[in-house]
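Right, one structure below, let's go through it.
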Amino acid sequence: MSEIPFSSAAERNRQPILEQLQTLFPTNGSVLEVGSGTGQHAVFFTKNLPGLLWQPSDKEENLAGLEARFAAEGNENILPLLKLDVTLDPWPGYSYDAAYSANTAHIMPWEAVVAMFGGVAEHLEINARFCLYGPFNVDNRFTSPSNAQFDASLRARDSRMGIRDMSMMESLANIKEMTLEYKIEMPANNFLLVFKKT
């Protein structure tokens, strides 16, 4: 059995994010999560949003850890795990009532961010929301010294990584027929960007 992955950041941010999703997401329906990571958000959110069916997804190298977590503490509202590299794998052939992704845009190459927005837009119902959590720059400026340091460390690891500017996210969403509905400030210099499929 694979070791169950754990993220202390996911443990800290899950409650503030949940409080937003409780008002932003529909009471009933299906949610596609892009980049489920450790699976902590999927488990916590489904326990607290019982009317939603949650579709976790991630790249192949993260699937074993996700399976281990869901086997240990998942619930019946978590759908079978989907292998999804947004630039390589086929997206599922059906639509969702909401979409969610956390801490992905800054670790993806830009072409993957574009692919994520395109796939989400194509697979959302009209007027459904895509909630994207993470650090973002505002007007091409870091919102804190710690974010600047984090960005530098990301780019040192891989020059294709880095904190994205909020205006880039909004422009990309517009191209993909989504509008930026809310920019919600979150703890630890993060944001929850809320896009609506138009």
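The values are calculated or read from the model by the stated rules, or taken from the named source; none is laboratory data. Keep in mind the model is a prediction, meaning the values are calculated, not measured. Every residue, glycine as well, gets a Cβ built from its backbone with ideal geometry; the counts of neighbours run over all protein chains shown. Just so you know, the surface numbers come from the protein's heavy atoms only, side chains and all, with ligands and any DNA or RNA stripped out. Shrake-Rupley method; radii C 1.70, N 1.55, O 1.52, S 1.80 Å.
Hey, does the stretch 136-146 have a residue that's farther than 18 Å from T23 by Cα and under 18 Å from the mean Cα position of the chain (by Cα)?
Yes, the stretch 136-146 contains at least one residue that is farther than 18 Å from T23 by Cα and under 18 Å from the mean Cα position of the chain (by Cα).
Select from the stretch 63-122 the residues that are part of a loop (DSSP other than H, G, I, E, B), closer than 20 Å to A9 by Cα and modelled with pLDDT of 95 or more and list them in ascending order. Within the stretch 63-122, N103, T104, A105, H106, I107, M108 qualify. Where the second residue is part of a helix (DSSP H, G or I) and among the hydrophobic types (A, V, I, L, M, F, W, C) and the first is farther than 18 Å from T198 by Cα and lies in the stretch 150-177, which pairs have Cβ atoms under 6 Å and are six or more apart or on separate chains? Pairs that qualify, where the first residue is farther than 18 Å from T198 by Cα and the partner is part of a helix (DSSP H, G or I) and among the hydrophobic types (A, V, I, L, M, F, W, C), are M161/L154; G162/L154. Residues that are out of contact with any helix residue (DSSP H, G or I) (no Cβ under 8 Å at 6 or more places or on another chain) and either open to solvent by less than 30 Å² (accessible area, probe 1.4 Å) or acidic (D, E) (or both) within the stretch 67-80 comprise E67, A68, E76, listed in sequence order. The set of residues from the stretch 18-29 being open to solvent by 10 Å² or more (accessible area, probe 1.4 Å) and either under 21 Å from L180 (Cα atoms) or in contact with a Lys or Arg (Cβ under 6 Å, 6 or more places away or on another chain) (or both) comprises E19, Q20, Q22, T23, L24, F25, P26. Do you know which residues across the stretch 41-59 are open to solvent by less than 10 Å² (accessible area, probe 1.4 Å) and either closer than 15 Å to S7 by Cα or among the aliphatic types (A, V, I, L, M) (or both)? A42, V43, L52, listed by residue number.
Within the stretch 96-115, the set of residues being over 15 Å from T46 (Cα atoms) and either in contact with a Phe, Trp or Tyr (Cβ under 7 Å, 6 or more places away or on another chain) or open to solvent by 50 Å² or more (accessible area, probe 1.4 Å) (or both) comprises A102, N103, I107, W110, E111. Applying a threshold of 7 Å to beta carbon distances and a minimum spacing of six or more residues, or different chains, the list of pairs starting in the stretch 50-67 at a residue that is of a type in the set (D, E) and ending at one that is assigned to a helix (DSSP H, G or I) and crowded, with 18+ Cβ neighbours inside 10 Å reads D58/L66.
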